[in-house]
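Encoded as structure tokens, here's the structure I'll be asking about.
The values are calculated or read from the model by the stated rules, or taken from the named source; none is laboratory data. Predicted model, so just to flag it, every value in this text is computed and none were measured. Cβ placement follows ideal geometry from the backbone for every residue including glycine, while neighbour counts extend to all protein chains displayed.
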Amino acid sequence: MSFADFASNITVALDANDQPAVQQHCRNLQACLQTSDEPCPLPIAKKILAGLRRKRHFDAMQHVADALLQNGQDDPLVSRQYAQALIDRGLLALAIQYLNVLLPEVESNPDEEAEVLGLLGRAYKQLFVESQGKIARAAEYLGMAIDYYMQVYSNDASNVWHGINATALLARAGREAVTLRGTDRPRDQAAEIAAAVLEEVESRWTAGVASMWDSGTAAEACIALDRVKEAAQWMERYVREPMGDAFEFGSTRRQLVEIWQLSTDADPGKLLLPILDSALLAKDGSALQFDASGLAAASSAETQHQLEAILGRDRYVSYKFMKRALERAKAIAQIRDGSDVGIGTGFLVRGGDFAPCYGDELLLLTNAHVVSDDPYVVNPPALAPDEATVSFGPDSVFAVKELLWTSPPNRLDVSLLRLDGEITDIEPIPIAKRLPLADGEQRVYIIGHPRGGPLSFSIHDNALIAHEGPPEGRPPRSDVIRLHYRAPTEGGSSGSPVFNAQWLAIGLHHAGGLDMPCLNGEQGTHPANEGLWLQSIRAACAQDVT
């Protein structure tokens with residue numbers, strides 16, 4: 001197989017968001033590189049590394065770059081991408097050491113030198129973020145990051161990416177009264193650079209030569225200049241770029257939160273972050289986390305009205321998609337044990353959707369292996385109902401009053417719970433009547449509390465692989481209809497709802513693994529997560545409960 005074939009296979013797998021295939025093709029490429037006498041051509045190496053980076057496969061990117069270097073492809077671009085992967089994997093000290101060795105080798109190449117200096121700036125910027133609380137060390141890292149970015153921007157003001165990063169860090173130093181070498185007025189310097197950067201981007205936009213990154217850069221410049229409405233307009237241009245992907249939007253969001261310290265509680269974050277979040281929710285390969293206050297602010301009517309006023313009704317369609325997702329998320333709770341450790345997820349449903357006698361009462365649905373009164377549910381051990389607490393946020397915590405109905409883990413793995421207290425201002429999650437076609441094109445979405453952490457949207461590599469429902473499903477048991485999908489989940493996601501593209505719940509997530517037996521009588525196994533069709537749960541509950 002040629003290197004071009006490897007590149008083609010990896011690209012196809014990346015475009016399909018097929019993580020196992022990406023990993024296997026990369027392993028095959030590494031094995032080939034180890035035995036090849038000829039180095040991989042640079043254009044092919046560049047294409048592979050760029051694709052892995054855009055889809056956030058940083059582990060594969062690091063190992064492929066390492067194999068390329070060992071194979072003899074020693075172009076500075078490959079070395080730089082190797083360092084980029086180290087940074088993205090959090091190996092900051094190793095990345096800085098490697099970049100400092102690489103820097104003398106690129107002195108004769110101004111473009112590569114600027115890239116290497118920018119990566120050094122980024123590595124120190126991340127060290128600054130991670131060193132909060134260690135005041136002296138944080139100031140040192142902040143100053144180093146600014147110096148590297150300014151070294152590039154001072155030499156060539158067309159490097160607006162370096163300029164806006166220096167701006168953000170100088171503004172941060174001004175807010176926190178950090179003493180820096182070379183300037184005693186960091187806020188003023190930040191505003192001066194931001195104005196120059198914005199002027200440069202505006203001229204590119206007028207000339208029709210602006211890049212995708214330029215729009216995001218202009219948005220940051222407007223933040224520094226306190227021009228919030230203009231920042232929103234530039235951000236909206238940014239997320240509408242056809243080449244925009246989760247890597248770019250996620251990086252921008254991290255910059256706004258970690259460096260600019262924006263939040264959805266107040267402007268400008270209240271206006272800007274929902275624009276980015278809506279774009280991320282519509283992209284493969286992304287992930288979002290919200291706490292209760294951020295969830296409410298991002299989905300507020302005030303935010304919607306602001307966006308409509310600034311962007312126009314026809315230019316924030318993706319925000320409506322996000323708003324629906326956030327409304328669903330309000331009905332999703334973390335289930336905790338007596339030590340206040342999150343062990344699972346549950347979600348509110350209308351009781352009458354599962355048994356008519358429950359009418360409009362709000363009930364909580366979760367897995368039997370999360371909460372059960374059956375002492376034989378031991379792997380993993382389920383919480384007894386009186387041991388569980390249910391939290392929709394710090395100010396909305398309930399005990400379990402009663403377990404109304406359950407089905408064991410080896411059947412439907414579900415428990416229906418009545419909570420102790422009145423639930424207000426939360427709508428139950430609507431249930432889809434039908435399953436999407438399992439044609440390889442449909443996507444599913446999961447919202448839960450992985451690893452006992454914040455509420456997270458799991459929407460990466462989220463294809464619906466197969467299901468046993470009508471019209472073509474062939475389940476071993478007619479009363480247990482399973483779904484297989486590739487949206488990644490972790491411990492704590494058990495009991496999460498599985499949604500279709502309209503944000504209607506189709507399943508109850510309960511299991512997953514790298515070698516799940518295929519459905520519908522097909523031989524073999526595949527990497528998949530598994531949920532139970534809510535309509536099969538509803539039918540069983542309605543039959544048992546009178």
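For segment 215-239, what are the residues that are among the basic types (Lys, Arg) and in contact (Cβ under 8 Å) with a residue 60 or more places away in the chain?
LYS229
Inspect all residues belonging to segment 215-224 and state whether any of them is closer than 24 Å to LEU119 by Cα and under 20 Å from the mean Cα position of the chain (by Cα).
Yes, segment 215-224 contains at least one residue that is closer than 24 Å to LEU119 by Cα and under 20 Å from the mean Cα position of the chain (by Cα).
Can you tell me how many residues in segment 337-348 are more than 13 Å from VAL414 (Cα to Cα) and β-branched (Val, Ile, Thr)?
2
Search segment 405-428 for residues being within 10 Å of LEU364 (Cβ to Cβ) and hydrophobic (A, V, I, L, M, F, W, C), and hand back the single one that is surrounded by the fewest Cβ atoms within 10 Å (Cβ to Cβ).
Per the criteria, the residue is ILE423.
Here's a follow-up. Please go through segment 220-248 and give me each residue that is over 16 Å from ILE164 (Cα atoms) and among the aromatic types (Phe, Trp, Tyr), ordered by number.
PHE247
Same structure again: Find the helices (runs of 4 or more DSSP H) located wholly in segment 56-143 whose residues include 3 or more that are buried (at least 21 other Cβ atoms within 10 Å of the Cβ), and list them.
Ranges flagged: 58-71, 76-88, 110-130.
Sticking with this one: What do you reckon, is LEU437 assigned to a strand (DSSP E or B) and within 24 Å of GLU468 (Cβ to Cβ)?
Taking the combined requirement at face value, the residue does not satisfy it.
Criterion first (within 17 Å of VAL201 (Cβ to Cβ) and aliphatic (A, V, I, L, M)) does ALA266 satisfy it?
no
When you look at LEU437, is it out of contact with any strand residue (DSSP E or B) (no Cβ under 8 Å at 6 or more places or on another chain) and aliphatic (A, V, I, L, M), yes or no?
yes
Which of the residues spanning segment 330-354 are within 27 Å of ALA540 (Cβ to Cβ), of a type outside the set (Lys, Arg) and either at pLDDT below 90 or part of a strand (DSSP E or B) (or both)?
ILE332, ALA333, GLN334, ILE335, ILE343, GLY344, THR345, GLY346, PHE347, LEU348, VAL349
Just a yes or no: is a residue in segment 174-182 modelled with pLDDT of 90 or more and in contact with a helix residue (DSSP H, G or I) (Cβ under 9 Å, 6 or more places away or on another chain)?
Among the residues of segment 174-182, at least one is modelled with pLDDT of 90 or more and in contact with a helix residue (DSSP H, G or I) (Cβ under 9 Å, 6 or more places away or on another chain), which makes the answer yes.
Among the listed residues ALA194, ALA171, ALA190, identify the single one that is buried (at least 23 other Cβ atoms within 10 Å of the Cβ), within 28 Å of the chain's Cα centre (by Cα) and not in a loop (DSSP other than H, G, I, E, B).
ALA171
Spot the failing condition for LYS433; the list is (1) of a type in the set (Lys, Arg); (2) assigned by TED's automatic domain parsing to the domain that holds LEU363; (3) more than 30 Å from ASP340 (Cβ to Cβ), and only one is missed.
Of (1) of a type in the set (Lys, Arg); (2) assigned by TED's automatic domain parsing to the domain that holds LEU363; (3) more than 30 Å from ASP340 (Cβ to Cβ), only one is false for LYS433: (2).
In segment 496-546, what residues are of a type in the set (S, T, N, Q), touching a strand residue (DSSP E or B) at 6+ places or on another chain (Cβ under 8 Å), surrounded by fewer than 22 Cβ atoms within 10 Å (Cβ to Cβ) and outside any strand (DSSP E or B)?
The initial filter retains those residues of segment 496-546 that are of a type in the set (S, T, N, Q), namely 496, 500, 502, 520, 523, 525, 529, 535-536, 543, 546.
Now restrict to residues that are touching a strand residue (DSSP E or B) at 6+ places or on another chain (Cβ under 8 Å): 496, 500, 520, 525, 529, 535.
If we keep only those that are surrounded by fewer than 22 Cβ atoms within 10 Å (Cβ to Cβ) too, we end up with 500, 520, 525, 535.
Matches in segment 496-546: ASN500, ASN520, GLN535.
When ILE193 is evaluated against the numbered criteria (1) closer than 16 Å to GLN255 by Cα; (2) touching a residue at least 12 places away in the same chain (Cβ under 8 Å), which criterion, by number, is the only one it fails?
(1)
Right, here's the next one. If LEU365 meets every condition in (1) in contact (Cβ under 8 Å) with a residue 12 or more places away in the chain; (2) under 30 Å from the mean Cα position of the chain (by Cα); (3) not in a strand (DSSP E or B) apart from one, which number is that one?
So LEU365 meets the others, but not (3).
If you don't mind, there's one more thing I want to ask. Starting from segment 12-33, keep only residues that are more than 16 Å from LEU49 (Cβ to Cβ) and assigned to a helix (DSSP H, G or I), then list their pairs with residues that are modelled with pLDDT of 85 or more and of a type outside the set (Val, Ile, Thr) whose Cβ atoms are within a distance under 6 Å, requiring at least 6 positions of separation or different chains.
Correct list of pairs: ALA21/ALA13.
In addition: Looking only at segment 248-266, count how many residues are charged (D, E, K, R) and modelled with pLDDT of 85 or more.
3
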